[in-house]
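First up is the structure itself, then whatever we jot down about it.
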Amino acid sequence: MKWIKRPVSDSYELFVKNGYSRVIATTLATSGISTLEDAKEFLESKKLHNPALIRNIEDAISIMEKFIETKERICIFGDYDADGTTATAIAF
């Protein structure tokens with residue numbers, strides 16, 4: 001697998017200048033979010049996002065299905081907040 005570093009849009013600087021961490025600013029900018037209003041909506045929205053819109057989700061599903069069929073191990077990572085432990089438990 002080869003890692004490809006994507007160019008970050010100008011919105012990255014906008015987010016950093018307005019108090020977002022570099023990690024959050026990078027995530028927002030590479031997700032196509034370019035305004036502070038869209039960033040707030042994305043980060044604070046109560047509506048659920050469609051998981052089918054996740055970049056490369058079809059590839060990830062295909063890989064997991066292959067591993068399940070061949071009974072290979074899959075390592076699941078999660079964080080320790082409420083939604084992270086719940087999602088990890090569901091995936092497990």
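Of the chymotrypsin sites (Phe, Trp or Tyr not before Pro) found in the range 1-32, those in coil by DSSP whose Cβ has at most 16 other Cβ atoms within 10 Å are TRP3.
For the pair ILE90 and ASP59, the difference between a 0.36 nm per residue extended length and the Cα-Cα distance amounts to 9.2 nm. Give, to the nearest whole percent, the P(r) tail of the chain beyond 18 angstrom, counting all Cα pairs. So the portion of pairs separated by more than 18 Å is 63 percent. Helical content alone sets the calculated 222 nm signal of the chain at -15000 deg cm²/dmol, taking -39,500 (n - 2.57) per DSSP H segment of four or more residues and averaging over every residue.
Only the Cβ atoms of Lys and Arg (+1) and of Asp and Glu (-1) were treated as charged; on that basis the dipole of the chain about its Cα centre amounts to roughly 280 debye. Within the accessible surface of the chain, defined with a 1.4 Å probe on protein heavy atoms only, the carbon and sulfur portion equals 59 percent. Note on the chain: dipole from Cβ charges, positive end direction compared against THR27, LEU43, ALA87; the farthest Cα belongs to THR27. For GLU13 and ALA52, what is the calculated FRET efficiency with R₀ set at 35 Å and r taken between the beta-carbons, to the nearest 0.05? After rounding, the FRET efficiency stands at 0.70. At a probe radius of 1.4 angstrom, the accessible area of the chain per residue rounds to 91 square angstrom.
Relative contact order, whole percent, for the chain stands at 15, derived from Cα pairs under 8 Å and 6 or more residues apart. Could you state the angle between the C-alpha long axis of helix 82-91 and the longest principal axis of the C-alpha atoms of the chain, as a value from 0 to 90 degrees rounded to the nearest 10? Here the helix axis deviates by roughly 30 degrees.
Take 63-74, 43-54 and order them by the average number of nearby Cβ atoms within 10 Å per residue, most first; the result is 63-74, 43-54.
The values are calculated or read from the model by the stated rules, or taken from the named source; none is laboratory data. Bear in mind that the values here come from a model prediction, so they are computed numbers and not experimental data. Methodologically, a virtual Cβ is constructed for each residue, glycine included, from the backbone with ideal geometry; neighbour enumeration extends over all protein chains shown. Heavy atoms of the whole protein, side chains included, go into the accessibility calculation; ligands, DNA and RNA do not. Shrake-Rupley method; radii C 1.70, N 1.55, O 1.52, S 1.80 Å.
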